[in-house]
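Just passing along the structure, written as structure tokens.
The values are calculated or read from the model by the stated rules, or taken from the named source; none is laboratory data. Predicted model only: the values in this text are computed from it and were never measured. Note that we place each Cβ from the backbone using ideal geometry, even for glycine, and neighbour counts take in every protein chain shown. Only protein heavy atoms, including side chains, enter the accessible area calculation; ligands, DNA and RNA are left aside. Shrake-Rupley method; radii C 1.70, N 1.55, O 1.52, S 1.80 Å.
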Amino acid sequence: MDIIKQLEKQAEQYEVLRTKNEETSVVYEANKLKTSTVAETSGIAVRVISKGKLGFAASTDAAAVDKLVSNALESASFGEEVPLTFPRQQSANPVKTYDPVVANLPISRLVDVGKEILDLVLATEPDVRCSIYLSRSIQSDSICNQTGLDISFQRTPLSIVVEVDRIVGDDILIMYDGQATTMWEDDYLTFVRNLLDKLKLARKVVTSQGGNMPVLFSPYGTLALTIPLNEGVNGKNVYKGTSPMKGKVGEYLFDAKISLVDDGTLDGKFSSAPYDDEGVPRRRNVLVERGKLNGFLYDLKTAAQFNVESTGSASRSLFNVPQPATTNFIIQPGETGLKAMLKGIDEGIMVESLLGLGQGNVISGAFSNPLSLAFKIEKGEVVGRVKNLSISGNVYSLLKNVAAVSKEAQWVYSTFYAPYILIPEMNVVG
Amino acid sequence: MRNRIEDAIKQSKADYTEIRIEEKETTQISYQGKDLEKLSALNDKGGMVRVLIKNKGWGVATFNNLDDLDTKVDQAYQCAQVASNPEKIELADIEPVDEVVKVQMKYDFRDISLAAKKATVERYNNILRGTSNKIVDTDCTYSDNYSRIYFGNSQGTFIEDERPSVSVRIAAIGREGDNVQVAHEGHAGPFGFEFVMDQDELVRKVANRALELLGAHPVKGGRYPVVVDQNLAGVFIHEAFGHLSESDFVYENPKAQEMMVLGRRFGKDILNVYDDGSIRELRGTTLFDDEGTPGRHNELIREGILVGRLHSRETAAKMAEKATGNARAINYRFAPIVRMTNTAIQNGTTTFADMIKDIKLGIYACDAYGGQTELENFSFSSGYAYMIRDGKIAEMVKDVILAGNLFTTLANIDAIGNDFKWMFSSGGCGKGNQYPLPVGMGAPHIRIQNVVIGGE
């Protein structure tokens, strides 16, 4: 029997999510095209509220609908009462996340793009080992629930990841970067060129004794700051009481140069979609405005717990229940030019990447990490790579006093948009 | 299923073809704080065809619809045509096997009611929450899954493999003002419900540790002699050394081969390290890997010298060595890659008391919170740690992060304990996009001189 008919009979509320993914990918491994893959996967996830209690089940076995329904109902019979109401349909802002060019991209085009990138890398750095992963998908999602909400949308993620290993004697450098969008992007070489520029700059190794000095986080380096902030603005962590920002809405937690936005409605961006994974329209959420905390990110459940509206931030994979999560996370650019920022630094370091981010007690804001790639700044100039340094600090105190935020900003790792951020003084351990 | 797999393989025009079909049932129950966060029943059924055309490359097709395996074999063949490897890709020889792997569970978790499973995890959660009102949040997760895997290849191997796994993961989050601290423990293995039903003691330990961490001061950064407990020592050898012995890292990379050349000294004579998928009833036990190669005992470091490495059939052939049974995939969505199974530092002779008695100022680091390695550089957070003062364990310290260079650090291991233990931690290993893969880790206490500890 049809799954909806079965659910209508047995539950007051239900939600059915159907996902389908068709993906082609090619992998260059150690400068050679090695593997090509076609994946055709699909699944159904069901949430029910039966006798006031929430249940969940999911399956990739399209033939086993009866079992899926009975699993969801059994789950609900042991479930808990939650004040959750599946939403009525709301109209969403148009967001471009489907591109026929990507949808129709033949596997041979992925191969060619990979080859072009590989040739560019090897022309500049003949001794490196380069791996490239290219994939394009057509994702079809549909959500319906007992209110009559019935939405479906398609996305066409296109993703290129480049990893370069360079070993010169005992000097080892691994760098990676990627570009992921949901619209075809003609310019797929600029991020590779930037990566190569950094590799070139890193050839010269200079020494630094460490000590207290200004630290400039490059857009890539700001990841050290965004990872704990992403946790902190998550409504679930606020509900649980673990977010250091809990109870501080309206307070000036950060320097006035800091503004944070989560925006799931940007055309073509990797984490954009018209609706979130519960059928609530995605939107632009201003989280921190000139240092002042405005609010948090909620899905339906956490919104119900706080008696507020969902911010359209529900995210899920097939086998997991929805949770609030960031989409495209933006640190707003500032007013100072990068050149001027550098100019004021007599001796300092620029942080590009850190080893072991996201481990440890992330939510507290504390971090302490070796720098896997950092450059020394001397008398306003970037002079070379510094090795064997580490930094530690707490995001919540570092961002209270920011020397400058750059005008220049860029997308990093596809889902973060960030400027350069200068912290006037940090302890750099040598 | 066997006939369908074998018939489809016969249709293949490729040099090598394999088909892996997986049926997996999962139950997950999770409490967070006072709330039942999740009670899920999941069914995952799907397959993968992987083919090799030697002078071209690998082609892979993954799918949920099992109705037409012949088409999937053809899709994979089309994919393999895309590449071109004039230097042929070869596979190391293995004996074809025809085996059924059965596992005995004392209390098969598929026969345990959802009510009983829920009651168990609820009891653990109540212990955590009842310990103190400073415990503001918890995460108690019970999970079981039972996989049945059918694997066949064009060289006559057919394996039907049962892989059960049961786990509890316990985390307590303590908070005092802005001070937030997390303590956690996991307990997981290829067993039945018996393995997770009486863990009240473990749960109490987690609650008390979270409270103790609230009162701990951050460690002062610097260089210290560090005594590492079995759990962290196991994670260390897995993360910092084990991944470098995975041959997909070295087989296409002459520079990495120089770094990992067999015969190179990695540590003092007391250091012995191995990986062994054939030991039964451990977290990473792999009687047959996902290419059908039997698991075996692989020595990696013997008396301080590098003597071996881990292989898939492809990396073994390329390096003219034998397949070691280390080609593993987390599920049918992924092709197997070189992975560890159960990795361990072999037992030594030093007692714990002897290890700490001459340390004037040092650190006793326990449990791992996570770690990352980039070739020879690593960084690990310990779950909790104590200062060692004048040969005695002293106050607890927090935010202890060990960082350093693998070669220097291994060479600085100057004592190996006589108290070897296998760990049954939950979670698993991540590599590429494949996470979490169940792995076993084992070690005695070890002492490392001159470790860089991050901190304030």
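Would you kindly work out the equivalent ellipsoid of the stretch A:308-424 from its C-alpha gyration tensor and give its semi-axes, the square roots of five times the eigenvalues, largest first in whole Å?
Rounded to whole Å, the semi-axes are 31, 18, 13.
May I pose another question? Once phi is turned into θ = phi - 60°, what whole-Hz ³J(HN,Hα) does the Karplus curve with 6.51, -1.76 and 1.60 give for every residue of the stretch A:284-299, x standing for Gly and Pro?
For the stretch A:284-299, the Karplus-derived couplings read 8, 10, 7, 8, 10, 10, 6, x, 9, 6, 8, x, 10, 9, 10, 9 Hz, x marking Gly and Pro.
Among the DSSP beta bridges whose two residues both lie in chain B, what percent are antiparallel, rounded to the nearest 5?
Values: 117 of 131 bridges.
Given both bridge residues lie in chain B, the antiparallel proportion sits at roughly 90 percent.
Suppose every K and R has +1 on its Cβ and every D and E has -1 on its Cβ; what is the size of the dipole of the protein assembly as shown about the Cα centre, in Debye to the nearest 20?
Using only the charged Cβ atoms, the result is roughly 1320 debye.
Could you give each residue of the stretch B:152-167 its phi-based ³J(HN,Hα) in whole Hz, using Karplus coefficients 6.51, -1.76, 1.60 with θ = phi - 60°, and x for Gly or Pro?
For the stretch B:152-167, the Karplus curve yields x, 9, 6, 9, x, 7, 9, 10, 10, 10, 9, 10, x, 8, 10, 8 Hz.
While we're here: With the full set of protein chains in place, find how many percent of the accessible area of the stretch A:204-430 is carbon and sulfur; take the probe as 1.4 Å. Please list the in-between numbers first.
On the way: 3760 of 7990 Å².
Accessible surface attributable to carbon and sulfur in the stretch A:204-430 totals 47 percent.
Further question: Given A:32/B:54; A:67/B:34; A:32/B:318; A:240/B:38; B:255/B:322; A:67/B:24, which pairs have Cα atoms separated by over 20 Å?
Correct reply: A:67/B:34; B:255/B:322.
Run the 1.4 Å probe and let me know the accessible area of residue B:175, rounded to the nearest 10 Å².
Surface accessible to solvent at residue B:175 totals approximately 50 Å².
When averaged across all projection directions, what area in nm² does the alpha-carbon convex hull of the stretch A:35-139 cover?
Taking a quarter of the hull surface, the average projection is 12.0 nm².
Can you tell me the convex hull volume per residue for the stretch B:325-403, based on C-alpha atoms, in Å³ to the nearest whole number?
143
I'm checking a number: the convex hull volume of the Cα atoms of the protein assembly as shown, normalised per residue, in Å³. What is it?
Details: hull volume 134.0 nm³, N = 886.
Looking at the protein assembly as shown, the number lands at 151 Å³ per residue.
So how much accessible surface do B and A hide from each other in total, probe 1.4 Å, in square angstrom to the nearest 100?
Details: alone 19780 and 19550 Å², together 33650 Å².
Answer for the B-A pair: about 5700 Å² buried.
What is the local net charge at residue B:298, summed over the other residues whose Cβ is closer than 9 Å to its Cβ (Lys, Arg +1; Asp, Glu -1)?
-1
What fraction of the Cα pairs in the stretch A:204-430, stated in percent, has a spacing above 21 angstrom?
Roughly 55 percent, rounded to a whole number.
Taking H placed 1.01 Å from N in the peptide plane, check which residues at least 5 places from residue A:96 or on another chain put their amide H under 5 Å from its amide H.
For residue A:96, whose amide H was placed from the backbone, the distant partners under 5 Å are A:267, A:268.
May I ask for the net charge around residue A:348, where only other residues with Cβ less than 13 Å from the Cβ of residue A:348 are counted and Lys, Arg are +1 while Asp, Glu are -1?
Details: positive: A:343, A:376, A:379; negative: A:346, A:347, A:378, A:381, A:425.
Neighbour charge sum, excluding residue A:348 itself: -2.
Report, as an integer, the average count of C-beta atoms from other chains found within 10 Å of each Cβ along A:129-135. Don't skip to the answer; put the middle values down first.
Numbers: counts 5, 0, 1, 0, 2, 0, 0.
Mean partner-chain Cβ count within 10 Å for A:129-135: 1.
Could you report the stretch B:186-318's accessible area per residue, 1.4 Å probe, as an integer in Å²?
35
Same structure again: Add -39500 (n - 2.57) for each DSSP H run of 4 or more in chain B, then divide by its residues: what number comes out at 222 nm, to the nearest 500 deg cm²/dmol?
Working: 9 runs with 85 residues, N = 456.
Counting only the DSSP helices, I get -5500 deg cm²/dmol.
So what are the radius of gyration and Dmax for the Cα set of the stretch B:185-281, in Å?
Looking at the stretch B:185-281, its Cα Rg and Dmax stand at 19.3, 51 Å.
For the stretch B:56-63, in order, what is each residue's ³J(HN,Hα) by Karplus, 6.51 cos²θ - 1.76 cosθ + 1.60 with θ = phi - 60°, in whole Hz (x at glycine and Pro)?
Rounded to whole hertz, the list is 10, x, 8, x, 10, 10, 10, 6.
Still on this structure: Any chance you could check the Cα centroid distance between the stretch B:377-456 and the stretch A:401-430 for me, in angstrom?
Taking the Cα centre of each part, the stretch B:377-456 and the stretch A:401-430 sit 31 Å apart.
At q = 0.18 Å⁻¹, work out log10 I(q)/I(0) for the stretch A:3-199 with the Debye formula, treating every Cα as an identical point scatterer and leaving solvent out; two decimals please.
Debye output, listed in q order: -1.09.
Which residues of the stretch B:39-80 show a drop of at least 30 Å² in accessible area when all protein chains are present, compared with their chain alone (probe radius 1.4 Å, heavy atoms only, ligands and nucleic acids excluded)?
Output list: B:39, B:41, B:42, B:43, B:45, B:58, B:60, B:62, B:64, B:75, B:79.
I would also like to ask the following. How big is Rg to Rh over chain B, alpha-carbon atoms, Rh as the Kirkwood inverse-mean-distance radius?
1.00
Where Lys and Arg each count +1 and Asp and Glu each count -1, what net charge lies around residue B:410 among other residues with Cβ under 15 Å from its Cβ?
0
Is the C-alpha gyration tensor of the stretch A:236-323 telling us rounded, prolate or oblate? Criteria: a/c under 1.5 is rounded; beyond that, a/b larger than b/c is prolate, otherwise oblate.
It comes out oblate by the Cα gyration axes.
Choose one of B:238, B:11, B:437: the residue whose Cα lies farthest towards the positive end of the charge dipole of chain B (beta-carbon charges +1 Lys, Arg; -1 Asp, Glu; about the Cα centre).
Looking along the dipole axis, the top candidate is B:238.
When the convex hull of the Cα atoms of the stretch A:103-217 is projected onto a plane and the area is averaged over all directions, what value comes out in nm²?
12.2
Below 24 Å, Cα to Cα, which lysines can residue B:220 reach? Residues fewer than 8 away in the same chain don't count.
Partners found: A:387, A:400, B:357, B:360, B:392, B:398.
Further question on the same structure: Take the alpha carbon gyration tensor of the stretch A:352-419, find the square roots of its eigenvalues, order them as a ≥ b ≥ c, and report rounded if a/c is under 1.5; if not, report prolate when a/b exceeds b/c, else oblate. Please list the in-between numbers first.
On the way: a/c = 1.43, a/b = 1.18, b/c = 1.22.
Verdict is rounded for the stretch A:352-419.
If you bin every alpha carbon distance in the stretch B:396-456 into 10 Å steps from zero, what whole percent lands in each bin?
17, 30, 46, 6
For chain A, which semi-axes, largest first and in whole Å, follow from the square roots of 5 times the eigenvalues of its Cα gyration tensor?
Over the Cα atoms of chain A, the semi-axes work out to 41, 28, 17 Å.
State the three equivalent ellipsoid semi-axes of the stretch B:84-184, derived from the C-alpha gyration tensor as the square roots of 5 times its eigenvalues, in descending order and whole Å.
Details: eigenvalues 406, 104, 13 Å².
Semi-axes from the Cα gyration tensor: 45, 23, 8 Å.
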